[in-house]
Amino acid sequence: MTDNKTNIKKADSSKAYNLKTAMHEFQKLSISASKDGMNSHFKDPKGGASRFASLESVIEAVNKGNQFGLYFTQELAYIKNDLEATPIPLVRTTVHQINDDNTYVSECPIILQPASLQNPQKLGAAITYLKRYTLQSVYGLPSEDDDGNLASKPSIKTGNSKSSQGEHDDGL
């Protein structure tokens with residue numbers, strides 16, 4: 001059965017899925033999150049703000065798996081690090097299926113400078129970023145990380161640039 005509004009195939013409500021078959025059916029839908037977020041700090045190749053799928057857009061996309069009994073939980077947890085006195089925070093995303101006790105789990109540590117861990121805005125931004133990407137990871141959602149790709153490219157300067165004159169270049 002296909003939903004005429006969204007053109008997305010609907011699940012057979014009489015069928016009982018386990019986690020693997022539910023994930024398989026979800027991925028057959030070829031769902032992707034819409035790029036509804038804009039990052040003005042990084043420019044796309046045409047000079048405009050880069051676009052990315054917001055956490056809300058990713059959640060909206062993965063919630064299409066509800067028709068197969070899929071749902072997720074996300075939590076902030078801590079892991080003990082023998083090298084550091086303080087535990088390392090991490091984002092744990094778990095995919096569940098209502099008829100199955102098995103789960104898919106993605107954990108990603110929050111890697112920040114110690115001072116940034118004390119800054120609520122920086123910590124909050126890192127948590128949101130990792131919630132978005134661990135969720136995309138466990139559901140297998142395609143993603144093109146415009147802002148991350150641009151941020152990781154080296155800054156190449158030629159001629160009499162500020163960096164060649166000894167001034168600091170932050171790469172932006």
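Every number in this text was worked out from the coordinates using simple rules, so none of it is lab data. If you're wondering where the values come from, they're calculated on a predicted model, not measured in any experiment. Note that each Cβ is placed from the backbone with ideal geometry, even for glycine, and that neighbours are counted across all protein chains shown.
In table form, for the structure just shown:
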| read-out | value |
| --- | --- |
| Single residue of the range 38-57 satisfying the filter (of a type in the set (Lys, Arg) and out of contact with any Gly (no Cβ under 8 Å at 6 or more places or on another chain)) that is farthest from Gln136 (Cα to Cα) | Lys46 |
| Answer residue from the range 30-56, given it is of a type in the set (A, V, I, L, M, F, W, C) and part of a strand (DSSP E or B) and is nearest to Arg132 (Cα to Cα) among those | Phe52 |
| Filtered residues of the range 33-86 (kept if in contact with a Ser or Thr (Cβ under 6 Å, 6 or more places away or on another chain), in contact (Cβ under 8 Å) with a residue 24 or more places away in the chain and of a type in the set (D, E, K, R)) | Asp44 |
| The range 19-43, residues that are farther than 22 Å from Phe72 by Cα and loosely packed, with under 15 Cβ neighbours inside 10 Å | Ser40, His41 |
| Qualifying residue in the range 57-69 (condition: part of a strand (DSSP E or B), closer than 21 Å to Ala33 by Cα and not hydrophobic (A, V, I, L, M, F, W, C)) | no |
| Thr94 being in a strand (DSSP E or B), more than 24 Å from His41 (Cβ to Cβ) and touching a Phe, Trp or Tyr at 6+ places or on another chain (Cβ under 8 Å) | yes |
